[in-house]
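J.: Below is a structure I'd like to ask you about.
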Amino acid sequence: MKHCLIKAIIVVGIISCMGTACRHNATVVNNDEKLLPLDSTGRWLAVDKNYGTPQYGKVFSAAFQQQLKNNEPDSTILLLLAYGHTCDYLEAYDSTYLYTALSFYQHYQNKVQAPYLHELEYYISSLYGNNYKTDSSNYWAEKVVTAPADGYRQKQIKALALFVQAYNSQVLLQYVDAEHKYLASLKLAEEIGDLYTESSVYITMSTLYEQSYSYNDEAGVLDKGIAAAKQLKDSHFVFIGYTYYISLKKYLGDTLGALRFTDSLNSIYFATRPSDISSIQWFNLYNAYKYIMLKRQDSAQYFIQQYIYNSKQGSQGRTYPNIMDYKTAVLSVMFANSFGTSLQNPDKLDTIIALKKKNDKDLWFVAGIQSWLSDYYFKRHDYEKAFRYQSDWIATFRRLMDFEKRGQFFELDKKYESEKKDKQLLQHENAIAAKQHTIWILLTSLIILVLSIIIYYLLQRKNKLDEQKKRSHIYTQQLLAKTEEERKRIASDLHDSIGNELISLKNQPWEE
């Protein structure tokens, strides 16, 4: 039953950490082609610390209206992008910004550069996602995903839009689709060397595997996310990765591992002294857990009080669901059971349980609280309440088994997809091998054919030369024979002629 409460801590932590990991990489400070060419007003609007100040809305409105009057839609949309970046970074749902962005989009979508327009579409999708309107969020993200992406910034925005779609699928418990989109986002981020998005996706993807009970995969992507964050020398991402690893170690029952990562978390915290409320809350939360496990009551109580105090600080401009009471409830029940103290406001726990029961994603939280409350009242011999919480826990746990089966189906789907890809790869390799074999046969046949033609040609040429040589020899013999015959004829003619001349001379009278 302790695992239920440990699982609850993980689940309630997903909402707050996930947004932080996703938001951290979206930067719009002017720097080469990667980022936006903002003016001084745009750069001021893009700083998240300025978002909560009273003049933020006034500065934006004045600059926005002035740019519209100047009929400069490209400059105007840059102000919207700076504003949208800040909302995205803070995971804030800002209805004023959404209305302004949608109105501008409707009237000027054909008058601004396509890259700026797609980035605005991303921020609109992110804003809807912050308000848990997944259908609208996916609609606007799809515009970005299906658009051509050339250049660093456009591909980065497309990767982030895929990231938004992946998280929306995860919220809807569509694990296979979520994994595919996370991987698509990673592929694009790796293509452009965007380590910020890689870290965000890997770390957030770990929550998908946590939800689907794929703990080996969860540890694997956390290792990659933390490694990318360390390569960036980004202590913030490393800090977030360690918080997720602590949750994983706790759920797996590896208390020593959880404490070891808590010590690593503390090292980063004291080295960097983060000022954001989220990091401070996680620092106090996990140290409270650490000292509860170590049975050090004073230290545990101190960090619980610090956690509650920092939780009340909050940040202006953020309107995401308040989960602080849920975590405080978890800590209070763990503390009471570990040290035998009385629960503060136990009726409030029933209110929280009733509220969390409405959302299937929060059932681990409900089961954990019910389990620990059953133990709490059993130790105090209040068997009626102990039995009620135990019965409620059994009912909740049965519902959880349906989700575990869904997670198992996800694992089967992954294995099936993997085997299918392996089979397709094998078929592809066999087809390539068959083609190569055919090519070699054709090539060998061609070589044999060419050699045969060459040999035939050479033989024919030899025969022709032999025939010419034979004819030449016969001609020579005939020529010699004719020459000899002519010589004999000439000799005979000369002989006869000379003989006649001699006879004629002999018979001629000689004069004295």
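The values are calculated or read from the model by the stated rules, or taken from the named source; none is laboratory data. Here the structure is a predicted model, which means the values were calculated and not measured. Note that each Cβ is placed from the backbone with ideal geometry, even for glycine, and that neighbours are counted across all protein chains shown. When the accessible area is computed, the model is the full protein with side chains, heavy atoms only, and any ligands, DNA or RNA have been set aside. Shrake-Rupley method; radii C 1.70, N 1.55, O 1.52, S 1.80 Å.
J.: Go through the stretch 338-365 and give me each residue that's open to solvent by less than 50 Å² (accessible area, probe 1.4 Å) and either touching a Leu at 6+ places or on another chain (Cβ under 9 Å) or of a type in the set (Asp, Glu) (or both).
T.: Just the residues of the stretch 338-365 that are open to solvent by less than 50 Å² (accessible area, probe 1.4 Å), to begin with: 338-339, 341, 343, 346, 349, 352-353, 356, 362-365.
Leu343, Pro346, Leu349, Ile353, Lys356, Asp362, Leu363, Trp364, Phe365, listed by residue number.
J.: Please tell me if Phe237 is at pLDDT 90 or above and within 23 Å of Asn130 (Cα to Cα).
T.: Details: at pLDDT 90 or above: no; within 23 Å of Asn130 (Cα to Cα): yes.
Here the answer is no, as Phe237 does not meet what is asked.
J.: Within the stretch 366-379, does at least one residue satisfy the condition of being under 25 Å from Ser299 (Cβ atoms), open to solvent by 80 Å² or more (accessible area, probe 1.4 Å) and modelled with pLDDT of 80 or more?
T.: yes
J.: Right, another one. Select from the stretch 292-302 the residues that are part of a helix (DSSP H, G or I) and surrounded by fewer than 22 Cβ atoms within 10 Å (Cβ to Cβ) and list them in ascending order. Steps first, please.
T.: Filtering the stretch 292-302 down to residues part of a helix (DSSP H, G or I) leaves 292-293, 297-302.
If the condition is that a residue be part of a helix (DSSP H, G or I) and surrounded by fewer than 22 Cβ atoms within 10 Å (Cβ to Cβ), then Ile292, Met293, Gln297, Asp298, Ser299, Gln301, Tyr302 are the ones that fit.
J.: To continue, here is another question. Return yes or no: is Asn287 assigned to a helix (DSSP H, G or I) and either crowded, with 21+ Cβ neighbours inside 10 Å or in contact with a Pro (Cβ under 7 Å, 6 or more places away or on another chain) (or both)?
T.: Values: assigned to a helix (DSSP H, G or I): yes; either crowded, with 21+ Cβ neighbours inside 10 Å or in contact with a Pro (Cβ under 7 Å, 6 or more places away or on another chain) (or both): yes.
For Asn287, the condition - assigned to a helix (DSSP H, G or I) and either crowded, with 21+ Cβ neighbours inside 10 Å or in contact with a Pro (Cβ under 7 Å, 6 or more places away or on another chain) (or both) - is met.
J.: Continuing with the same structure: What are the pairs, 6+ residues apart or on separate chains, where a residue within the stretch 257-274 that is under 11 Å from Phe239 (Cβ atoms) has its Cβ under 8 Å from a residue that is among the small types (Gly, Ala, Ser)?
T.: Correct list of pairs: Ile268/Ser235; Tyr269/Ser279; Ala271/Ser235; Thr272/Ser235; Pro274/Ser235.
J.: Still on this structure: Surrounded by fewer than 23 Cβ atoms within 10 Å (Cβ to Cβ), closer than 18 Å to Leu45 by Cα and aliphatic (A, V, I, L, M): which single residue out of Leu127, Leu98 fits that description?
T.: Selected residue: Leu98, the only one of Leu127, Leu98 that is surrounded by fewer than 23 Cβ atoms within 10 Å (Cβ to Cβ), closer than 18 Å to Leu45 by Cα and aliphatic (A, V, I, L, M).
J.: Take the stretch 313-337 and flag every residue that is open to solvent by 30 Å² or more (accessible area, probe 1.4 Å) and modelled with pLDDT of 75 or more.
T.: Once the filter is applied, which keeps residues that are open to solvent by 30 Å² or more (accessible area, probe 1.4 Å) and modelled with pLDDT of 75 or more, the stretch 313-337 yields Thr328, Ser332.
J.: Which ones in the stretch 250-264 are within 18 Å of Gly368 (Cβ to Cβ) and surrounded by 19 or more Cβ atoms within 10 Å (Cβ to Cβ)?
T.: Of everything in the stretch 250-264, those that are within 18 Å of Gly368 (Cβ to Cβ) and surrounded by 19 or more Cβ atoms within 10 Å (Cβ to Cβ) turn out to be Lys250, Tyr251, Ala258.
J.: So, one more: Condition test on Tyr209, is it closer than 30 Å to Lys49 by Cβ and not small (Gly, Ala, Ser)? Before the answer, list the steps.
T.: Working: closer than 30 Å to Lys49 by Cβ: no; not small (Gly, Ala, Ser): yes.
Taking the combined requirement at face value, the residue does not satisfy it.
J.: Going through Tyr105, Tyr83, Tyr51 one at a time, which residue ends up being on the phi < 0 side of the Ramachandran plot and in contact (Cβ under 8 Å) with a residue 60 or more places away in the chain?
T.: Details: Tyr105 fails: in contact (Cβ under 8 Å) with a residue 60 or more places away in the chain; Tyr83 fails: in contact (Cβ under 8 Å) with a residue 60 or more places away in the chain.
The match here is Tyr51.
J.: Any chance you could count how many residues in the stretch 163-190 are open to solvent by 20 Å² or more (accessible area, probe 1.4 Å), under 20 Å from Ser212 (Cα atoms) and of a type outside the set (D, E, K, R)?
T.: Qualifying residue count for the region: 9.
J.: If you don't mind, there's one more thing I want to ask. Suppose we keep only residues that are aliphatic (A, V, I, L, M) and open to solvent by 10 Å² or more (accessible area, probe 1.4 Å) within the stretch 265-284. Which one would you say is farthest from Ser311 (Cα to Cα)?
T.: The residue in question is Ala271.
J.: Here's another thing I want to ask about it. Could you tell me which of the residues Lys423, Lys482, Lys462 is free of Cβ contacts under 8 Å to residues at least 60 places away in the same chain and closer than 30 Å to Val176 by Cα?
T.: Numbers: Lys482 fails: closer than 30 Å to Val176 by Cα; Lys462 fails: closer than 30 Å to Val176 by Cα.
The match here is Lys423.
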